[in-house]
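Structure first, commentary second.
The values are calculated or read from the model by the stated rules, or taken from the named source; none is laboratory data. Model, not experiment: these values are computed from the prediction. Note that each Cβ is placed from the backbone with ideal geometry, even for glycine, and that neighbours are counted across all protein chains shown. Accessible surface areas use protein heavy atoms only, side chains included; no ligands, DNA or RNA. Shrake-Rupley method; radii C 1.70, N 1.55, O 1.52, S 1.80 Å.
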Amino acid sequence: YQRRVHGGFRFVSGNTTTKMRASLSLVLLLLFCAAVIATRVNVMLPLNAATNYDRNTLKSQMQKLKSGGVDGVMLDVWWGLVEPAPKQYNWGPYQSLLKDIAAIGLKIQCVMSFHQCGGNVGDTVNI
């Protein structure tokens with residue numbers, strides 16, 4: 001038995017188990033809503049995003065991600081591209097890509113990749 005009180009429901013009578021279940025259900029619902037609201041979504045960019053990927057296509061795709069609620073992107077930084085020869089560094093491709101990502105308003109997570117990319121079955125990128 002429930003009685004309406006100020007737009008909500010209040011238990012007037014009933015057993016303790018019913019009250020506890022209702023309270024637990026409410027707590028679980030609130031926790032679920034908090035988790036959904038607090039969840040951040042990041043998307044991994046293509047492995048060749050800084051090298052052989054069409055810049056305008058990538059910008060368009062990132063704008064769609066942003067409008068779809070994505071918070072950020074993950075970018076592999078291939079050390080073999082940054083340092084093509086000992087103590088010779090080229091950050092150029094990554095700098096322009098990072099500027100594009102920031103201009104769109106996405107957060108950036110860079111992963112330093114010191115291993116080789118490619119050589120496995122189904123790999124389409126070799127770095």
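Descriptive notes on the structure:
- Residues of the stretch 71-94 that are among the aliphatic types (A, V, I, L, M) and in contact with a Phe, Trp or Tyr (Cβ under 7 Å, 6 or more places away or on another chain): 77, 82.
- Tabulated pairs, the stretch 72-93, first over 27 Å from residue 105 (Cα atoms), second of a type in the set (D, E, K, R) and outside any loop (DSSP other than H, G, I, E, B), C-beta under 9 angstrom, 6+ apart or interchain: none
- Every condition in (1) without any contact (Cβ under 8 Å) to a residue 60 or more places away in the chain; (2) in a loop (DSSP other than H, G, I, E, B) holds for residue 101 except the one numbered (2).
- Per-region count, the stretch 44-92, residues in a strand (DSSP E or B) and under 24 Å from the mean Cα position of the chain (by Cα): 8
- Total residues in the stretch 106-127, condition out of contact with any Cys (no Cβ under 8 Å at 6 or more places or on another chain) and open to solvent by 40 Å² or more (accessible area, probe 1.4 Å): 14
- Within the stretch 35-53, considering residues that are touching a Ser or Thr at 6+ places or on another chain (Cβ under 9 Å) and open to solvent by 20 Å² or more (accessible area, probe 1.4 Å), the one nearest to residue 110 (Cα to Cα): 47
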